[in-house]
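Presented below is the structure to which this report refers.
The values are calculated or read from the model by the stated rules, or taken from the named source; none is laboratory data. Just so you know, these numbers come straight off a predicted model, no measurement behind them. Quick reminder, even Gly has a Cβ in these numbers, built from the backbone with ideal geometry, and neighbours come from all protein chains shown. Heads up: the accessible areas ignore ligands, DNA and RNA and are worked out on the full protein's heavy atoms, side chains in. Shrake-Rupley method; radii C 1.70, N 1.55, O 1.52, S 1.80 Å.
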Amino acid sequence: MVDITPRSLSTFQLQLRRFAQNRLAMISVALLALIAASCFFGPFAFPFTGEDADFDFIGAPIDLASPHPFGTDDFGRDLLLRVLEGGRISLAIGFLGAITAGFIGVLYGAVAGYAGGRTDRLMMRMVEILYGFPYVILVILLSLLFGGGNVALFAAIVFTLWLTPAVIVRAQAQSLSKREFVEAARAGGMTPWQIVLEHIVPNCASVVIVYGSLLVPEVILSESFLSFLGIGIKEPQASWGNLIQTGTAAMDTDLRLLLLPGILLALVLFCLNFIADGLRDAFDPNDR
Amino acid sequence: MAELYTVSDLHLSLPDMTRKPLLGAAPRLEILKGLSFTIPSGEILGIVGGSGSGKSTLGRALIRLLEPTAGSISFAGLDITHLPESRLRPLRCRFQMIFQDPMSSLNPRQQVAQIIAGPLGVQGLDHSPARIADALDQVGLPRSFAQRYPHELSGGQRQRIGIARAIALKPEFILADEIVSGLDVSSQAQILNLLAGLVKDLGMTLAFISHDLSVIRRLCTRVLVLQHGRIVENAATEQVFNYPQAEYTRELLGSIPLPDPDQAWL
């Protein structure tokens, strides 16, 4: 006998399917994947590194026939290669930062929201205190603490960005903990941790995915912002932020140094925002 | 018949958050005001009362989802009144609950098989696919439902899953809190017949909370009538329906809609 029952789809699978029908979002996914792949694998195709100065080509203009198709900067370093290497750092910090901040925020918020009462009040007051901390001063303090560099930047970004997901998930967890299936889990003898991990967190998935997709561009932007100010990624290591900063310094004479990293950053942010938009359309429970 | 539950002078109050002052504790609202009764094993006890009479609170105290403020509850000779959660956990498979709203009593992200297996796994009981199939058989659902998600099921089917989840643990006591109030009339009858059959076959004790007296009359052997957190009547079903003692019970009985309207009215 042929089994004619259709395969059961979870809400998650249905939502993914709806996302896949959003053309703009799918184009953004493809473009973003292309940019990410060229940033991560592209630099291997060059016979030199982004820190090698080529003294025959200092400040060379765009010339597709030369070994430096997009020219070089004032030190004779290949611009395209530096932009790709900078993208590596910016994208890595963006995604890792968003995932870490999201992870911490989701757990914290789910615990606070499910526990309720005094625990909840204590945990959320702490979040509010941290919200009040001036961001730039915090980054400077942390870079003093970690001796500057990527770790300090990463820590500072995660430290400030886990707060909002915590607040969002806490609100969701609060309403979920009043649903009867949570009571049923309690009646079945589940421990609070099991309930948080098996019943609360999975049901926050929609909110988390939507917010997380907005978090990635936020992290990339703040990395660029801090590197632009000079307290993020330091020369000679490239990032989109410090590349744009050197670009602005030379913008009166040579726009190219600003445009290449600037356009790539803008493209990535556009893609991420379109993806976030598509995810919200597909996952937002208010539509159903 | 041995007593499964002995409840004496049960009090329960909850903080009234609507009148909480800015600082300090919220005033406590007394919901159960000294209830004493017993449930012999094998009995089907109906608990009725209007909105806010404390019937759901009483139910949740019986299976210790709420902790009483005073008085005592003993289950099968064990005092469970103030037992901490860690000591209650191994007991939980002995008293289970079926919930009111079949929409919200099943986790929307879990397949039926996971929903039924959840408590079984926690209690360290067999939760193999064969056991799940068994549980589905018992509530009259096809085995293929194991892979479905709650949003693919109708209200009646969901309520059957809720029943399967509770009875899979083979509890001695089941609390059914308004389990048919969210269903249409024909599913109501099916669910009630199913539950009555299961209770009889498995020899369980059942407490059935409802505001629908015709349902209580069909199902229950004894009726507990609650008003404002107090017991106003506790007697065999026939007696309550034929010779109601309390004024409040007569009021409730008078509010049952008759299936056969007055001929003269037509």
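Where in the stretch A:235-249 does the amide nitrogen come within less than 18 Å of the point 7 Å from the Cα of residue A:229, taken along Cα to Cβ? Residues A:235, A:239-246 qualify, since their backbone N sits under 18 Å from the label point. Interface B-A: total buried accessible area of about 2300 Å², 1.4 Å probe, protein heavy atoms only.
Quick one: if the Förster radius is 45 Å, what FRET efficiency do residue B:130 and residue A:33 give, using the C-beta to C-beta distance and rounding to 0.05? Spell out each step's value before the answer.
Working: r = 44 Å, r/R0 = 0.98.
Rounded to the nearest 0.05, the efficiency is 0.55.
Run the accessible area of the stretch B:123-266 with a 1.4 Å probe and give the carbon-and-sulfur part as a rounded percent. Intermediate results must be reported in sequence, preceding the final value.
Values: 3690 of 7040 Å².
C and S atoms contribute 52 percent here.
A loss of 20 Å² or more of accessible area (1.4 Å probe, protein heavy atoms, ligands and nucleic acids excluded) relative to the isolated chain is seen in these residues of the stretch A:159-194: A:179, A:180, A:181, A:183, A:184, A:186, A:187, A:188, A:189, A:190, A:191. Residues of the stretch B:110-128 buried by at least 50 Å² of accessible area upon assembly of all protein chains, compared with the chain on its own (1.4 Å probe): B:122.
Measuring how big the stretch B:73-147 is from its alpha-carbon positions, Rg and Dmax come out at 14.7, 42 Å.
Using the alpha carbon gyration tensor of the protein assembly as shown, what are the three equivalent-ellipsoid semi-axes (square root of 5 times each eigenvalue), largest first, in whole Å?
Details: eigenvalues 806, 137, 75 Å².
Ellipsoid semi-axes (Å, largest first): 63, 26, 19.
Put a dot 7 Å past the Cα of residue B:230, heading toward its Cβ, do the same for residue A:273, and the two dots end up 6.6 nm apart.
Given a 1.4 angstrom probe, I'd like the percentage of the accessible area of the stretch A:80-287 that is carbon and sulfur, rounded to a whole number. Carbon and sulfur together cover 71 percent of it. By the helix-only formula, in which each DSSP H run with n ≥ 4 contributes -39500 (n - 2.57) and the sum is divided by residues, chain A has a 222 nm mean residue ellipticity of -22500 deg cm²/dmol. Entry note, chain B: relative contact order of 24 percent, from Cα contacts under 8 Å with a spacing of 6+ residues.
Bridgeable aspartates and glutamates around residue B:170 (alpha carbons under 14 Å apart, same-chain partners fewer than 8 residues away excluded): B:126, B:134, B:201.
For the stretch B:3-251, just say rounded, prolate or oblate: build the C-alpha gyration tensor, square-root its eigenvalues into a ≥ b ≥ c, call rounded for a/c under 1.5, and beyond that prolate if a/b exceeds b/c, oblate if not. Since a/c reaches 1.5 and a/b is larger than b/c, the shape of the stretch B:3-251 is classed as prolate. The value of relative contact order for the stretch B:62-199, using C-alpha pairs under 8 Å at least six residues apart, is 31 percent. Neighbours of residue B:211 by Cβ distance under 14 Å: Lys/Arg scored +1, Asp/Glu scored -1, total -2. Projecting the Cα atoms of A:253, A:105, A:117 onto the dipole axis of the stretch A:80-287, where Lys and Arg carry +1 and Asp and Glu carry -1 at the beta carbon, places A:117 farthest toward the positive end. Find the percent of Cα-Cα distances in the stretch B:1-72 that exceed 17 Å, and round it to a whole number. Counting every Cα pair in the stretch B:1-72, those more than 17 Å apart make up 50 percent. Looking at chain B, the DSSP beta bridges with both ends there are about 55 percent antiparallel.
Modelled label positions at residue B:18 and residue B:74, each set 7 Å beyond Cα in the direction of Cβ, lie 3.8 nm from each other.
Between the amide H of residue B:34 and those of B:10, B:11, B:12, distances stay under 5 Å, these residues lying 5 or more places away or on another chain, with hydrogens modeled in the peptide plane. Computing FRET efficiency as 1/(1 + (r/R0)^6) for residue B:202 and residue A:131, where r is the C-beta to C-beta distance and R0 is 56 Å, gives about 0.55.
Calculate, for residue B:186 and residue A:138, the FRET efficiency according to 1/(1 + (r/R0)^6) with r their C-beta to C-beta distance and R0 45 Å; round to the nearest 0.05. Walk me through the numbers before you get to the answer.
Values: r = 63 Å, r/R0 = 1.40.
After rounding to 0.05, the efficiency reads 0.10.
A crude spin-label estimate for the pair residue A:193 and residue B:11, with each label 7 Å from Cα along the Cβ direction, gives 3.7 nm. HN-Hα J couplings of the stretch A:212-223 from phi, Karplus 6.51/-1.76/1.60, θ = phi - 60°, integer Hz, Gly and Pro as x? Result, rounded to whole Hz: x, 5, 7, 6, 4, x, 4, 5, 4, 5, 6, 4.
Which value, to two decimals, describes the C-alpha radius of gyration of the stretch A:80-287 once divided by 2.2 N^0.38 Å?
Numbers: Rg = 19.9 Å, N = 208, 2.2 N^0.38 = 16.7 Å.
Against the empirical 2.2 N^0.38 Å value, I get 1.19 for the stretch A:80-287.
For the stretch A:80-287, what is the relative contact order in percent, using Cα pairs closer than 8 Å and at least 6 residues apart in sequence? Show your work: numbers first, answer last.
Values: 257 pairs, mean separation 60.2, N = 208.
Value for the stretch A:80-287: 29 percent.
Under the rule a/c < 1.5 gives rounded, and otherwise a/b versus b/c splits prolate from oblate, where does the stretch B:138-204 land using the Cα gyration tensor? Cα axes put the stretch B:138-204 in the oblate bin.
Under a 1.4 Å probe, what is the accessible area of the protein assembly as shown per residue, stated in Å²? Each step should come with its number before you reach the end.
Numbers: 26450 Å² over 554 residues.
Here the residues of the protein assembly as shown average 48 Å² of exposed surface.
Residues whose amide H comes within less than 5 Å of that of residue B:101, counting only those at least five positions distant or on another chain, are absent (H built at 1.01 Å from N in the peptide plane).
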